[in-house]
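Enquirer: The structure's right below; bear with me while I get my questions together.
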Amino acid sequence: MQRFRIRSLQIGFVVAVAAVLVRIGYVQTADAFLYHRAKLQWDASDVIQPVRGTIYDSTGGILAYSVPAYTIDLNLQAIRQADKLSAVAGGLASIVHVRQATMLSALNRPGVTWLQLYPYLIHVSLFTKQKVEALFTHLNLSNDLTIYKAYLREYPNQTLASHVIGFTNEHGQGSTGVELSYNKYLAGTPGYRQFTQDTFGNPIPFYPEHEKPVQNGDNVYLTINPVIQRYAQKALSTIQQRFTPKRAAIIVANPKTGAILAMATLPTFNPNEYWKYSASTLYTNWAISDPFEPGSTFKPEVFVGALTTHSITMNQTYMSGVDYVNGVPIHDWNIYGWGRLTYEQALIYSSNVGLIHIGQAEGVKNFYNYWRLFGFNHRTGIDLPGEGHSIIFPEKNLNAVDFATMAFGQGLAVTPIQQVAAIGAIANGGDLITPYVVQKVVAPSGKDVFQHHVHVVRNVAPRSIMTEVTNAMVKVVNEDPQGNVGVIPGYNIAGKTGTAQIPKPGGGYYANVYNLSFIGFVPAHHPKVEIYVTVNEPLHTAQWGDWVATPAARYVLERTLKYLEIPPHQTTTQKTHTQTQAATHATQYVSVPNVTGIPSNQSSQHLHDAGLQDTVIGGQGTVIDQWPHVGTRVPEGSTVAIEIQRHNVSSVTVPNFKGMLMTEAMHVCSSLGLRLNPSGFGFATTQSIPAGHSVPIGTRIQVDFSSSTI
């Protein structure tokens, strides 16, 4: 009996062990759920975030770039339990420069354990991260924050071309502008490393690892010229100060290619601090987004349609002053008119009555056909997000009065960029061209992954017709009855102003509220530059395009023509006057020569011979780099930074930043190991540490920039 019991226990034990072994085998080989949970504990992976691509202007200057940054999460529950919420709020407020009450309100989140404090502790600098760590260590809370490395998007020129460039959100993704429309190129592709970890999260030696290399973002090169962009923004700044408009925009383009050289908009914003601005400011680029009634700047397109269909000739005449359409009187802008005029004079004097006669002669069918040929029936296709669409009465529902007002640019609505494309077709001899802001995209390897090619949508009308309208537009500028406000001596400018009423939502028009504009191109018969200035609801001024928009256009054109070295088309009587003006003009531009690869003492002489100053980075030796780069056009007397190879230095000599663009100063500071703290935009004027002083690497230097030297 005793032996039987022992035998039974032995058999039972063997069966139990076998059952356990079978279960272990099952769990290890057959139970997918438990197997997956085990792998989650064994396997680990590190995601490697790509560096977002850089955005450059047309001269190679940096408009947007990424730098290492940090996002900090706070353990609110632990902070509350330690009764240190007020102390944390006070410390953080002083670090990020907000009021303590504001910070305390941001931290007061009942029921939240871990908080990502937006925007104060999102994508902060190494300096800010270190100060936050020091604060939490001082408060004995060093275990109650988690820090993630990321990248911060920097926009060194602040408001410059901000609506074109756009900005990235707190997740590092493009939200507006080129940052959004070219996000797939700029963003790059994350990499990763997969490995088997021990209980401490460290890779176990000799276990296989799998890696996928990170692919950093591609670099995007814009058509925006930073100097012309500054001219446009300076002109808008003057408009803002004098007339406080609701909004305004200036577009400068090459009418032969569609390249946008400048695009400035009011109100503007600083993408480095985008969270401080309203959504309407951030997400509305008025240069492309909102259609409005163009007024008289639409008249040249009407002339093209009427002349091409042989509906009129320029020397036909009519009686100006008033016309009755279905019994409704429609007056010229001066009420009484100018007596009998030719149709060419109707454009010069901006006679609404004349355009009514021209539209009636052209007919509704032809009018709508040329509306479509000029591309107003669809978006231009510019490579920016948020482009708006035109508005026009359906052709089948049109009445005679509405058609009469449409002929002089009221009762229909177009966007500024549509106007630029349409007038560009007149300027270049007949081709409607798609406007664009990105000329190429380049991979980190240097390979072009995208290259823009000029896209001709269609031919609108013969060159002879466009020349005839251009000649009339030249007379508009030279024989303007309100004065020769747009004339630039030595150049033939083709242009047209507009003073358009603004419609009420329920019908009719507001009294004494207008959109004022100027559109034109120069040189008229071989155009290199087209400009459109539009100002919405300006105050403190007579409501004429000549008084508000045209002076801004002339300001930008005068400086752009000189900067681009576009020679004047002079007559004998103009030559002496132009030479006198040139002799007294303060700003001359020169091209930066190539001084890389030669000794620094010789490079200084080369630069001085070209009319430029130099600042040397790194002592004596061979030049390895220079800013601005070779061929960049800069004002005479500007400073060129030349870099010499340096070895194992702990201090550097502060260079002379005066006259540098912000992007150039940024390059110099990066090379020296200094930290640039810029203020303003334009050219460097003052610096917090005088040139020639020796300072430790990592020193922060304040440099003030101003556009007044342009």
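The values are calculated or read from the model by the stated rules, or taken from the named source; none is laboratory data. On a predicted model such as this, the values are computed, not experimentally measured, just so you know. Every residue, glycine as well, gets a Cβ built from its backbone with ideal geometry; the counts of neighbours run over all protein chains shown.
Enquirer: Would you pick out the residues in the stretch 393-417 that are more than 30 Å from the chain's Cα centre (by Cα) and among the hydrophobic types (A, V, I, L, M, F, W, C)? Give the steps one after another, and end with the answer.
Expert: So the first thing to find is which residues in the stretch 393-417 are more than 30 Å from the chain's Cα centre (by Cα), and the list is 393-408, 410-411.
Answer for the stretch 393-417, where residues must be more than 30 Å from the chain's Cα centre (by Cα) and among the hydrophobic types (A, V, I, L, M, F, W, C): F393, L398, A400, V401, F403, A404, M406, A407, F408.
Enquirer: Hey, can you tell me all the residues within the stretch 80-109 that are touching a residue at least 24 places away in the same chain (Cβ under 8 Å) and out of contact with any Phe, Trp or Tyr (no Cβ under 9 Å at 6 or more places or on another chain)?
Expert: Of the stretch 80-109, the ones touching a residue at least 24 places away in the same chain (Cβ under 8 Å) are 82, 84, 87-88, 91-92, 95-96, 107, 109.
Once the filter is applied, which keeps residues that are touching a residue at least 24 places away in the same chain (Cβ under 8 Å) and out of contact with any Phe, Trp or Tyr (no Cβ under 9 Å at 6 or more places or on another chain), the stretch 80-109 yields A82, K84, A87, L107, R109.
Enquirer: Pick out the one residue from F393, F403, F367 that is within 27 Å of H331 (Cβ to Cβ) and touching a strand residue (DSSP E or B) at 6+ places or on another chain (Cβ under 9 Å).
Expert: Sole residue among the options that is within 27 Å of H331 (Cβ to Cβ) and touching a strand residue (DSSP E or B) at 6+ places or on another chain (Cβ under 9 Å): F403.
Enquirer: While we're looking at this one, here's another question. Any residue at all in the stretch 438-448 that is out of contact with any Lys or Arg (no Cβ under 6 Å at 6 or more places or on another chain), polar (S, T, N, Q) and touching a residue at least 60 places away in the same chain (Cβ under 8 Å)?
Expert: Looking through the stretch 438-448, at least one residue is out of contact with any Lys or Arg (no Cβ under 6 Å at 6 or more places or on another chain), polar (S, T, N, Q) and touching a residue at least 60 places away in the same chain (Cβ under 8 Å).
Enquirer: Here's something else I'd like to know. Of the residues that sit in the stretch 570-598 and are touching a Gly at 6+ places or on another chain (Cβ under 7 Å) and not polar (S, T, N, Q), which one is modelled with the lowest pLDDT? Give the steps one after another, and end with the answer.
Expert: Here is the first cut: in the stretch 570-598, the residues touching a Gly at 6+ places or on another chain (Cβ under 7 Å) are 570, 574, 578, 590-592.
Now narrow it down to the ones that are not polar (S, T, N, Q): 590, 592.
Numbers: V590: 74, V592: 82.
Filtering the stretch 570-598 for residues that are touching a Gly at 6+ places or on another chain (Cβ under 7 Å) and not polar (S, T, N, Q), the one modelled with the lowest pLDDT comes out as V590.
Enquirer: Within the stretch 527-534, can one find any residue that is buried (at least 22 other Cβ atoms within 10 Å of the Cβ), more than 28 Å from the chain's Cα centre (by Cα) and modelled with pLDDT of 90 or more? Let's see the steps before the verdict.
Expert: Step one: list which residues in the stretch 527-534 are buried (at least 22 other Cβ atoms within 10 Å of the Cβ), which gives 527, 529-534.
The next check asks that each one be more than 28 Å from the chain's Cα centre (by Cα); those that pass are none.
No, the stretch 527-534 has no match at all.
Enquirer: Taking the criterion of being at pLDDT below 90, polar (S, T, N, Q) and either in contact with a Pro (Cβ under 9 Å, 6 or more places away or on another chain) or part of a loop (DSSP other than H, G, I, E, B) (or both), would at least one residue in the stretch 95-109 satisfy it?
Expert: yes
Enquirer: Hey, another quick one. Answer yes if at least one residue in the stretch 286-294 is in contact with a helix residue (DSSP H, G or I) (Cβ under 7 Å, 6 or more places away or on another chain) and acidic (D, E), and no otherwise.
Expert: So far as the stretch 286-294 goes, no, none of its residues is in contact with a helix residue (DSSP H, G or I) (Cβ under 7 Å, 6 or more places away or on another chain) and acidic (D, E).
Enquirer: Here are some residues: L121, L92, L145, L141. Which one is touching a Leu at 6+ places or on another chain (Cβ under 6 Å), among the aliphatic types (A, V, I, L, M), buried (at least 16 other Cβ atoms within 10 Å of the Cβ) and over 24 Å from W286 (Cβ atoms)? I'd like the intermediate steps shown before the answer.
Expert: Working: L121 fails: touching a Leu at 6+ places or on another chain (Cβ under 6 Å); L92 fails: touching a Leu at 6+ places or on another chain (Cβ under 6 Å); L141 fails: touching a Leu at 6+ places or on another chain (Cβ under 6 Å).
Answer to the selection: L145.
Enquirer: Given the condition of a type in the set (G, A, S) and either in a helix (DSSP H, G or I) or in the same structural domain as V522 (by TED's automatic domain parsing) (or both), answer yes or no: does some residue in the stretch 436-449 qualify? Please lay out each step first, then the result.
Expert: Of all residues in the stretch 436-449, those of a type in the set (G, A, S) come to 443, 445-446.
So of that shortlist, the ones also either in a helix (DSSP H, G or I) or in the same structural domain as V522 (by TED's automatic domain parsing) (or both) come out as none.
Checked the stretch 436-449: no residue is of a type in the set (G, A, S) and either in a helix (DSSP H, G or I) or in the same structural domain as V522 (by TED's automatic domain parsing) (or both).
Enquirer: Give me the pairs: first residue in the stretch 132-143 and of a type in the set (G, A, S), second residue surrounded by 13 or more Cβ atoms within 10 Å (Cβ to Cβ), beta-carbon distance under 8 Å, and six or more apart or on different chains, which are they?
Expert: S142/E133; S142/F136
Enquirer: Sticking with this one: Given the condition part of a loop (DSSP other than H, G, I, E, B) and among the polar types (S, T, N, Q), answer yes or no: does some residue in the stretch 477-491 qualify? Spell out how you get there, then give the answer.
Expert: Restricting attention to the stretch 477-491, the residues satisfying the condition of being part of a loop (DSSP other than H, G, I, E, B) are 479-491.
Retained after the next criterion (residues that are among the polar types (S, T, N, Q)): 482, 484.
Yes, the stretch 477-491 contains a residue that is part of a loop (DSSP other than H, G, I, E, B) and among the polar types (S, T, N, Q).
Enquirer: Looking at the stretch 307-356, which of its residues are part of a helix (DSSP H, G or I) and surrounded by fewer than 14 Cβ atoms within 10 Å (Cβ to Cβ)? Lay out the reasoning, then the answer.
Expert: Here is the first cut: in the stretch 307-356, the residues part of a helix (DSSP H, G or I) are 307-308, 343-348, 352-356.
Those that are part of a helix (DSSP H, G or I) and surrounded by fewer than 14 Cβ atoms within 10 Å (Cβ to Cβ): none in the stretch 307-356.
Enquirer: Scan the stretch 539-559 and tell me whether some residue there is of a type in the set (D, E, K, R), assigned by TED's automatic domain parsing to the domain that holds A427 and under 24 Å from S591 (Cα atoms). Full working, then the answer.
Expert: At the first step, the residues of the stretch 539-559 found to be of a type in the set (D, E, K, R) are 546, 554, 558-559.
Filter again for assigned by TED's automatic domain parsing to the domain that holds A427, leaving 546, 554, 558-559.
Retained after the next criterion (residues that are under 24 Å from S591 (Cα atoms)): 558-559.
Yes, there is a match, as at least one residue in the stretch 539-559 is of a type in the set (D, E, K, R), assigned by TED's automatic domain parsing to the domain that holds A427 and under 24 Å from S591 (Cα atoms).
Enquirer: Being at pLDDT 90 or above, outside any loop (DSSP other than H, G, I, E, B), aliphatic (A, V, I, L, M) and under 19 Å from W275 (Cα atoms) is true for just one of L92, L115, L135. Which residue is that? Step through it out loud before you land on a result.
Expert: Working: L115 fails: at pLDDT 90 or above; L135 fails: under 19 Å from W275 (Cα atoms).
From the options L92, L115, L135, the qualifying one is L92.
Enquirer: Let me ask something additional. Anything in the stretch 144-166 that is polar (S, T, N, Q) and either free of Cβ contacts under 8 Å to residues at least 24 places away in the same chain or part of a loop (DSSP other than H, G, I, E, B) (or both)? List them, or say none.
Expert: Of the stretch 144-166, the ones polar (S, T, N, Q) are 146, 157-159, 162.
Of everything in the stretch 144-166, those that are polar (S, T, N, Q) and either free of Cβ contacts under 8 Å to residues at least 24 places away in the same chain or part of a loop (DSSP other than H, G, I, E, B) (or both) turn out to be N157, Q158, T159.
Enquirer: Working carefully through the options L539, L564, find the one that is within 24 Å of the chain's Cα centre (by Cα), at pLDDT below 95 and surrounded by fewer than 18 Cβ atoms within 10 Å (Cβ to Cβ).
Expert: L564
Enquirer: Which is under 30 Å from S464 (Cα atoms), touching a helix residue (DSSP H, G or I) at 6+ places or on another chain (Cβ under 7 Å) and surrounded by 23 or more Cβ atoms within 10 Å (Cβ to Cβ), of A232, A249, A262? Full working, then the answer.
Expert: Values: A232 fails: under 30 Å from S464 (Cα atoms); A249 fails: under 30 Å from S464 (Cα atoms).
Only one candidate passes the filter, namely A262.
Enquirer: Suppose we filter the stretch 404-435 for residues that are free of Cβ contacts under 8 Å to residues at least 40 places away in the same chain and outside any strand (DSSP E or B); how many remain?
Expert: The first filter runs over the stretch 404-435 and keeps only residues free of Cβ contacts under 8 Å to residues at least 40 places away in the same chain, leaving 429-431.
In the following step, the residues that additionally are outside any strand (DSSP E or B) were identified as 429-430.
Of the residues in the stretch 404-435, 2 are free of Cβ contacts under 8 Å to residues at least 40 places away in the same chain and outside any strand (DSSP E or B).
Enquirer: Going residue by residue through the stretch 174-183, is there one that turns out to be assigned to a helix (DSSP H, G or I), modelled with pLDDT under 95, surrounded by 20 or more Cβ atoms within 10 Å (Cβ to Cβ) and aliphatic (A, V, I, L, M)?
Expert: No, every residue in the stretch 174-183 fails to be assigned to a helix (DSSP H, G or I), modelled with pLDDT under 95, surrounded by 20 or more Cβ atoms within 10 Å (Cβ to Cβ) and aliphatic (A, V, I, L, M).
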